[in-house]
Structures are given as structure tokens and as C-alpha cells.
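The values are calculated or read from the model by the stated rules, or taken from the named source; none is laboratory data. Remember, it's a predicted structure, so these values are computed and weren't measured experimentally. Cβ sites come from the backbone with ideal geometry, for glycine too, and all protein chains shown count toward neighbours.
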Amino acid sequence: MPELTEISTVVDHFHIPLSTLHYWERRGLLTPHRRGGRRCYDEDQLYRIALIKQWQSTGLMSLDEIASLLTARSTDPDWRGTVTNHLASIDRKMAELDIARAYLDYLLTCPRDGELEHCPAYRATVTLPKQAG
């Protein structure tokens, strides 16, 4: 039998609530072993927990996306398309954040101190509706 790690150790190590592991199990993301009625995790499951945590925090993926990707890896030969689409989404978000950061950097030196809606740099980025008639 593989070496197993008790659930309490997993919770402490990964700094996640016990309820989170139970939820991930109900969602089919984890399949713990049972020892004396207690949940225990083998090395593969520990790596899966780390992967889920990483994807949630650094990959900006929802649990639904993670579940889909974990399932797709074993059932969909084009799972890489899912990853490629997510990368494109991250690239779009990064571009939006770059624009927001540049504006906020400019705002610190804007001559319209405190009148943010009057800032020329901001106004140059906004398209207003046309007046009818």
C-alpha cells in the first residue's frame, strides 16, 4: 500500500480548511483513501491538491474550470485547447491591467489634482454617446 498522509496533516500543510477538501472530494477532484474511517491522501493526491491550489491562485481559474481541465486531460485529446483558451484570457486580462496601471501611474501626476473625471488622460480613453438630433 502507498504511503498515506492524514487529512489533518494535509490541512495544516496546505493551509486550507477541512471543508475545502471535503468539497473537492464531492466535486470528484480528489479520491482519498480511508484508513480507520479517516481520509488519507497518497502522493498523487497530494500533488493534485497542490495543483488545484496553484491553479486557483496563480492560474486565475475557477473550480469549475479546474474540474473541467482535470476531466478533459483524461477524456479529451484536445485538452490543450482548453489551456490555450485560458492563456488567451489571461493575456487579455494582463493587457487590461497594464492599461489600468499606466493610467493610475499617470493619475498620480495629473494636473487636475483630485478631479479625476476631468483628467485629460482619462477623458482621452473614453468614448461618450453621441447626442441625438
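Among the residues of segment 110-133, write down those that are basic (Lys, Arg) and either outside any loop (DSSP other than H, G, I, E, B) or surrounded by fewer than 10 Cβ atoms within 10 Å (Cβ to Cβ) (or both).
Once the filter is applied, which keeps residues that are basic (Lys, Arg) and either outside any loop (DSSP other than H, G, I, E, B) or surrounded by fewer than 10 Cβ atoms within 10 Å (Cβ to Cβ) (or both), segment 110-133 yields 123, 130.
Would you check if there is a residue in segment 40-56 being modelled with pLDDT of 90 or more, within 27 Å of residue 3 (Cβ to Cβ), within 15 Å of the chain's Cα centre (by Cα) and of a type in the set (Gly, Ala, Ser)?
Looking through segment 40-56, at least one residue is modelled with pLDDT of 90 or more, within 27 Å of residue 3 (Cβ to Cβ), within 15 Å of the chain's Cα centre (by Cα) and of a type in the set (Gly, Ala, Ser).
Out of segment 48-65, which residues are of a type in the set (Val, Ile, Thr) and surrounded by 12 or more Cβ atoms within 10 Å (Cβ to Cβ)?
Correct list: 49, 52.
Can you say whether residue 8 is touching a strand residue (DSSP E or B) at 6+ places or on another chain (Cβ under 9 Å), exposed (fewer than 14 other Cβ atoms within 10 Å of the Cβ) and polar (S, T, N, Q), as far as the supplied structure shows?
Details: touching a strand residue (DSSP E or B) at 6+ places or on another chain (Cβ under 9 Å): yes; exposed (fewer than 14 other Cβ atoms within 10 Å of the Cβ): yes; polar (S, T, N, Q): yes.
For residue 8, the condition - touching a strand residue (DSSP E or B) at 6+ places or on another chain (Cβ under 9 Å), exposed (fewer than 14 other Cβ atoms within 10 Å of the Cβ) and polar (S, T, N, Q) - is met.
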